Each structure stands twice: as structure tokens, then as C-alpha cells.
1. What's the number of the only condition in (1) polar (S, T, N, Q); (2) surrounded by fewer than 23 Cβ atoms within 10 Å (Cβ to Cβ); (3) in contact (Cβ under 8 Å) with a residue 60 or more places away in the chain that ASN250 fails to meet?
2. Within region 114-145, track down each residue that is over 19 Å from TYR31 (Cα atoms), in contact (Cβ under 8 Å) with a residue 40 or more places away in the chain and open to solvent by 30 Å² or more (accessible area, probe 1.4 Å).
3. Could you check region 461-480 and list, in sequence order, the residues that are touching a residue at least 24 places away in the same chain (Cβ under 8 Å) and open to solvent by 60 Å² or more (accessible area, probe 1.4 Å)?
4. Could you tell me whether any residue of region 503-515 is under 22 Å from the mean Cα position of the chain (by Cα) and open to solvent by less than 20 Å² (accessible area, probe 1.4 Å)?
5. Could you tell me which numbered condition GLY425 fails, if it satisfies all but one of (1) touching an Asp or Glu at 6+ places or on another chain (Cβ under 7 Å); (2) at negative phi; (3) of a type in the set (Gly, Ala, Ser)?
6. Have a look at PRO165, PRO127, PRO142 and point out the one that is over 26 Å from the mean Cα position of the chain (by Cα) and within 24 Å of ASN42 (Cα to Cα).
7. Report yes if some residue within region 390-398 is of a type in the set (A, V, I, L, M, F, W, C) and without any contact (Cβ under 8 Å) to a residue 60 or more places away in the chain; otherwise report no.
8. For region 288-308, which residues satisfy the criterion of being closer than 27 Å to ILE354 by Cβ and either surrounded by fewer than 24 Cβ atoms within 10 Å (Cβ to Cβ) or aliphatic (A, V, I, L, M) (or both)?
Amino acid sequence: MDNSLLQVLTVPTAPYPDQRPGTSGLRKKVYVFQSRRNYLHNFIQSIFSSIDLRDRQGSTVVVGGDGRFFNRTAIEVIVQMAAANGVGRMIIGHHGIMSTPAISCVIRKYKAIGGIILTASHNPGGPDGDFGIKFNTANGGPAKEAVTNKIFQISRTIEEFAICPGLHVDLTTLGKQMFDLENKFKPFTVEIVDSVESYANLLRNIFDFAALKELLSGENHIKIRLDAMHGVVGPYVRRILCEELGCPVNSAVNCVPLEDFGGQHPDPNLTYAADLVDSMRDGQYDFGAAFDGDGDRNMILGKHGFFVTPPDSVAVIADNIFCIPYFQHTGVRGFARSMPTSAALDRVAKAAKIELYETPTGWKFFGNLMDAGRLSLCGEESFGTGGDHIREKDGLWAVLAWLSILASRRQSVEDILKDHWLKYGRNYFTRYDYENVDIDAACEMMEDLEIMIVDKSFVKQRFAVGDKIYQVEKADNYEYTDPVDSTISRNQGLRIIFSDGSRIIYRLSGTSCDVATVRIYIDSYEKEQILEDTQVMLAPLATIALKISRLHHRTGRSGPSVIT
């Protein structure tokens with residue numbers, strides 16, 4: 001046998017029962033991947049085995065991550081297993097780092113069969129933090145439920161995996177690396193690519209970079225503050241906004257990706273991006289934004305820390321969509337929001353006579369509509385906004401969309417929002433997150449709550465708080481029928497809709513470990529009272545939400561961990 005050929009091994013293994021991918025893939029504590037024998041290998045093999053062998057042979061797969069702890073270890077295993085499973089080419093971000101939006105872009109550009117994204121998004125990193133693996137398909141978007149179900153079923157019965165343990169890749173050097181494997185006619189190729197350039201080029205074809213450069217570095221430029229929260233998006237901010245669009249380098253902070261995100265929680269909201277909020281308060285910056293660990297989420301702030309809710313953000317972008325040259329060329333096919341997101345976008349869609357879709361939480365639902373040519377712009381209340389240029393939410397895209405609006409309208413963020421509310425009225429919206437709740441207590445609470453609200457006697461019930469009276473018009477466990485392929489997604493959140501259109505929604509999130517996050521969403525529309533405090537306006541509905549669910553009693557929690 002030729003000693004220069006790398007050996008492919010088939011290794012026996014035993015299945016684990018808990019490798020069901022959620023909306024955002026498989027997420028576990030790092031120690032689970034480190035301490036359980038072949039835990040990572042089993043899941044990666046399940047991904048490859050879910051792809052038909054004929055499609056897999058000689059194919060291209062993209063890999064990258066947000067740089068969190070265990071990222072490089074996982075990439076080495078994935079490359080060794082890809083080679084052994086017949087993949088012909090791997091495209092990997094420099095140093096193994098690539099943002100989720102950029103991976104979606106690269107999958108589409110190189111016509112890959114898919115990509116493996118190593119991220120736990122906005123969850124903490126480091127040795128004691130979280131790690132995640134997500135599979136995106138050939139459209140660049142998260143795998144549909146049929147695919148993730150197939151991966152899960154394979155993981156439950158897996159008996160062996162294929163690996164090429166002698167294959168070692170240099171992630172630090174740009175360019176191609178070739179490897180000869182036994183019983184393979186063609187060499188296996190690994191291409192280490194500039195993580196930023198393909199994605200930056202995509203953005204250049206969407207936005208007017210000359211107008212943005214004038215806004216950010218011209219004679220009457222605005223001052224901005226961007227916080228990458230030591231996540232993957234830092235190099236993208238530096239390259240695109242600082243080097244290309246002329247922002248001062250000190251406009252962007254925390255731009256070096258760190259394995260533990262500097263010990264912080266890389267979640268762009270008012271709680272975890274408090275440093276950015278504080279730096280905006282004195283009014284020296286006109287615009288602020290924060291990004292999460294893998295670069296797909298964003299938070300928008302105006303002068304003095306004026307907070308733009310994610311539902312308002314997507315509604316304002318929709319109302320000013322032709323400030324973005326891309327949409328001047330493509331036109332607008334449709335708008336969409338996730339079910340828990342406030343109905344602010346609906347009002348813009350109705351006025352513009354553009355189709356509005358309400359979907360479950362999860363970008364894969366938007367991707368299906370985009371692939372069918374029905375959707376151009378969408379958003380989720382969980383700080384996700386995006387267009388049909390890729391099949392993931394896109395934090396940097398959302399920031400450039402907002403800057404395009406500022407460049408066109410030459411108003412402050414706050415004035416743009418107030419004009420929007422004057423035109424459409426205002427959807428007051430908030431979300432209460434009760435994190436790290438015992439999973440059994442959370443599930444039992446949700447089960448009892450569902451039994452209560454789906455009972456016919458619950459409809460027409462009235463709830464009084466102070467001088468406010470709310471009457472239930474509809475209550476259900478949200479179910480979605482996809483208008484493209486008629487697939488049905490059930491159990492997507494408990495909804496209570498009142499006669500004035502106000503809504504209370506309950507969902508469980510992050511249930512992959514022994515704990516869960518209970519989320520309560522509250523949405524209420526006001527036509528006249530548009531400048532009031534959100535928490536004051538929604539206090540009666542919050543009282544009702546807690547009374548109906550008995551959440552504090554059922555979970556032992558006295559208050560939410562995060563209020564958005």
C-alpha cells in the first residue's frame with residue numbers, strides 16, 4: 001500500500017438519545033461534547049448520512065464558526081469525517097471563523113450541498129459555556145424539519161462512523177490544501193478562504209456604499225458606535241465599516257473574536273449590551289448597534305440610547321425599503337414576521353398592498369417563502385432582521401439598511417420612529433425571559449396553561465386591571481400551514497388574542513439541556529398614545545399574563561431575567 005495515502009477508518013460507536021436538533025441545531029454545554037465518547041462524531045456522521053451518497057460524493061461543504069471555545073477542535077473532526085464520507089471539497093473560513101450570514105452567502109456562491117455552522121449564537125462561550133452545531137442546506141438556510149428529523153433518527157441508531165484521522169488542516173493559511181486518501185480517485189481539497197470578502201462583495205451589490213461613506217465619513221458625517229461583543233462580526237465591522245466606509249477605528253469596540261466572548265453574554269439586548277447603551281446616553285453618538293456571537297442578530301439604538309424594538313426595526317425598514325438600491329432593482333415580493341413578533345410590520349404591508357406572512361419562529365420558514373419568490377424582507381422579535389439576499393438573518397445587513405435610511409432621510413433615529421408611529425400608530429411590545437427554569441416545571445406549566453386556554457369556556461372571558469378590561473377573542477396553540485409546500489408545524493406557541501387586538505404569547509425556548517427559558521410576549525396597538533413608556537402601557541397585560549399562567553408560583557421565579 002502507498003504510505004502517502006491517508007487511511008480511512010470505520011469506527012464502532014453507540015448512539016445517544018438526546019441529539020435532536022432544535023430550531024438552531026444541536027446545542028449543549030461544551031463538557032457534553034468533550035466528555036461523552038464520540039458525541040461530536042456521532043452527530044457529524046448523522047448529518048453526512050442524512051445526505052444521499054450520490055449527492056455527497058465529490059460535493060462541496062462549507063464550514064465555519066463564531067470562534068467560541070471548541071470551535072477548532074470540532075472543525076478538525078468535521079474535516080476528517082467529511083473526507084471519509086466522500087465529500088470532495090471543504091470551504092472553511094480563515095482560522096475557522098465565519099459569520100452565519102457569511103456562511104449562507106458562501107454556500108450559495110459556491111453551490112455547496114450545505115454548510116456546518118459551529119455556534120450557539122448568543123449563548124455564553126468558553127469551557128463552561130455552550131457549543132452548537134447547525135446544518136444549513138444548499139439554499140444557504142437552516143435545514144427544514146424533515147431533514148433535522150432524519151438526522152435525529154439516524155443519531156438514535158448509529159453504529160459506526162467514518163473518519164480519516166491522519167488528515168490535518170492548517171486553518172491559518174489562505175489557499176488550497178490537497179490530500180490523497182486510500183480508495184479515492186480524486187484528492188480531497190480544503191480551501192481556506194477570506195471570511196469577509198465574499199460577504200462584503202454581496203453587500204456592495206445591495207447598498208449604495210458611496211452614500212454610506214458620505215454619511216459616515218463625509219463633511220457632515222454622523223458619529224456611530226458599534227459593539228461586536230467579541231463575537232465573529234468584529235472583523236466584518238472593521239473591514240466594511242471602518243476600512244471601506246471610513247468610520248473611525250474607535251467607532252467599533254470589542255471587535256476581536258474571543259473563545260469566551262470576553263466572559264460576557266454575546267446577546268444584543270438592553271441587558272447584555274448595557275455597555276453600549278451606557279455609552280450612548282450622553283448623546284455623543286447618533287447611531288449605535290450591537291451584534292451577537294455569530295453575527296446574525298442586531299440591536300439598533302439612536303441618540304441618548306433611544307431603543308428601537310426589533311418589530312419596529314423591520315417595520316421601519318419595510319416602510320423605507322426603496323432607500324436600499326437592491327430593492328429598487330428587484331421590487332418587493334412580500335413581508336413576513338414570526339408569530340410572536342408585534343404586528344407593526346402588518347400595518348406597513350397593508351398600506352403598501354404587499355403580502356404579509358406570519359410564520360413560526362425559525363428562519364427556515366422565511367427561507368421557504370424566499371425560495372418560492374414570495375418574500376423580500378422579514379424579521380423576528382428576537383433581534384433578527386434580513387432580506388432575501390441570503391437565507392439567514394443578518395445583523396450587519398440590518399445596520400447598513402438603517403444607515404441607508406439615515407443617509408436618505410437625514411433625520412435622527414428617534415425622529416424616524418416618531419414619524420412612523422404618527423403615520424401608522426404604535427405597537428407597544430415587550431418580551432419577558434425567565435431563564436434557567438427547571439424544564440419539568442416549565443413543561444408542566446405550559447401543558448396546564450394549554451388545557452386552560454383551549455377550553456371553549458376561556459373564550460369571551462374578561463380580565464380587568466384597574467380601569468382596563470380585556471375580553472378574550474381567541475386562544476390556541478399556534479399552528480402553521482406553509483403556503484409553499486403545505487407542511488404543517490404544530491405547537492408553535494400559546495396565544496391569547498383579545499378583542500382589541502392585544503396579544504399575550506407563551507413559548508418555551510432553549511430546552512436542549514435540563515433547563516428552559518419561558519418567554520412571555522405582549523403586544524398592544526395604540527393609535528393615539530404613541531409616546532408613552534412601554535412597560536407602563538403594557539403593565540395591565542403583563543399582570544394578566546402572570547395571573548393566567550401562575551408563572552411565579554409554578555416556576556419559583558419572582559421576576560424575569562431579561563426584559564426586552
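1. Among (1) polar (S, T, N, Q); (2) surrounded by fewer than 23 Cβ atoms within 10 Å (Cβ to Cβ); (3) in contact (Cβ under 8 Å) with a residue 60 or more places away in the chain, the lone unmet condition for ASN250 is (3).
2. Result: ASN139, LYS144, GLU145.
3. Within region 461-480, the subset touching a residue at least 24 places away in the same chain (Cβ under 8 Å) is 463, 465-466, 468, 470-473, 477-478, 480.
GLY466, LYS468, GLU473, listed by residue number.
4. yes
5. GLY425 satisfies all of (1) touching an Asp or Glu at 6+ places or on another chain (Cβ under 7 Å); (2) at negative phi; (3) of a type in the set (Gly, Ala, Ser) except (2).
6. Numbers: PRO127 fails: over 26 Å from the mean Cα position of the chain (by Cα); PRO142 fails: over 26 Å from the mean Cα position of the chain (by Cα).
Of the residues listed, the single one that is over 26 Å from the mean Cα position of the chain (by Cα) and within 24 Å of ASN42 (Cα to Cα) is PRO165.
7. Within region 390-398, the subset of a type in the set (A, V, I, L, M, F, W, C) is 390, 396-398.
In the following step, the residues that additionally are without any contact (Cβ under 8 Å) to a residue 60 or more places away in the chain were identified as none.
No - not one qualifying residue is present in region 390-398.
8. We begin by selecting, within region 288-308, every residue closer than 27 Å to ILE354 by Cβ; these are 289, 296-300, 302, 307-308.
Matches in region 288-308: ALA289, MET299, ILE300, GLY302, PHE307, VAL308.
The values are calculated or read from the model by the stated rules, or taken from the named source; none is laboratory data. Since this is a predicted model, take the numbers as computed values, not measurements. When we count neighbours, we look across all protein chains shown, and the Cβ atoms used for this are built from the backbone with ideal geometry, even at glycine. Remember, those area values only see protein heavy atoms, side chains included, never the ligands or the DNA or RNA. Shrake-Rupley method; radii C 1.70, N 1.55, O 1.52, S 1.80 Å.
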